[in-house]
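Enquirer: The structure under discussion is supplied below as structure tokens; questions concerning it will follow.
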Amino acid sequence: MTFNLKDVRDLLSHLEAEADGRDVEGELARAEAERLMVLYPGMVNILAPIAERHSRQAA
């Protein structure tokens, strides 16, 4: 599977900020992961846990 880097750039930015210990808007990260699951169904196994984690953090 190939993907367009422009499609995943926002989610990667959120994940990088999270890894660096910076505040991340969980709801935006969750929405971005869900959007990517629609575009790239083959990545659901990777994106679903990210969306779930940010959904729990936002709650």
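The values are calculated or read from the model by the stated rules, or taken from the named source; none is laboratory data. What you see is a predicted model; the values in this text were computed from it and never measured. With ideal geometry, Cβ positions are generated from the backbone for all residues, glycine too; neighbour counts draw on all protein chains shown. What goes into the accessible areas is simple: the full protein's heavy atoms, side chains included, and nothing from ligands, DNA or RNA. Shrake-Rupley method; radii C 1.70, N 1.55, O 1.52, S 1.80 Å.
Enquirer: I'd like the accessible area for residue 53, computed on protein heavy atoms only with a 1.4 Å probe and all protein chains in place. Round to 10 Å², please.
Expert: Counting only protein heavy atoms, residue 53 exposes about 80 Å² to solvent.
Enquirer: I'd like to know which of 46, 31, 21 lies farthest towards the positive end of the charge dipole of the chain, counting +1 on Cβ of Lys and Arg and -1 on Cβ of Asp and Glu.
Expert: 46
Enquirer: Turning to a different aspect of this structure: Would you mind giving the three semi-axes, in whole Å and largest first, of the ellipsoid equivalent to the chain according to its Cα gyration tensor?
Expert: Working: eigenvalues 70, 35, 15 Å².
Equivalent-ellipsoid dimensions as semi-axes: 19, 13, 9 Å.
Enquirer: Once fully extended, how much extra length lies between residue 28 and residue 4, figured as 0.36 nm per residue of separation less the alpha-carbon to alpha-carbon distance?
Expert: On the way: separation 24, 0.36 × 24 = 8.64 nm, distance 1.95 nm.
The residue 28-residue 4 span can extend by a further 6.7 nm.
Enquirer: Would you work out the relative contact order for the chain, in percent, from Cα pairs under 8 angstrom that are 6 or more residues apart? Spell out each step's value before the answer.
Expert: Values: 42 pairs, mean separation 20.1, N = 59.
Relative contact order here is 34 percent.
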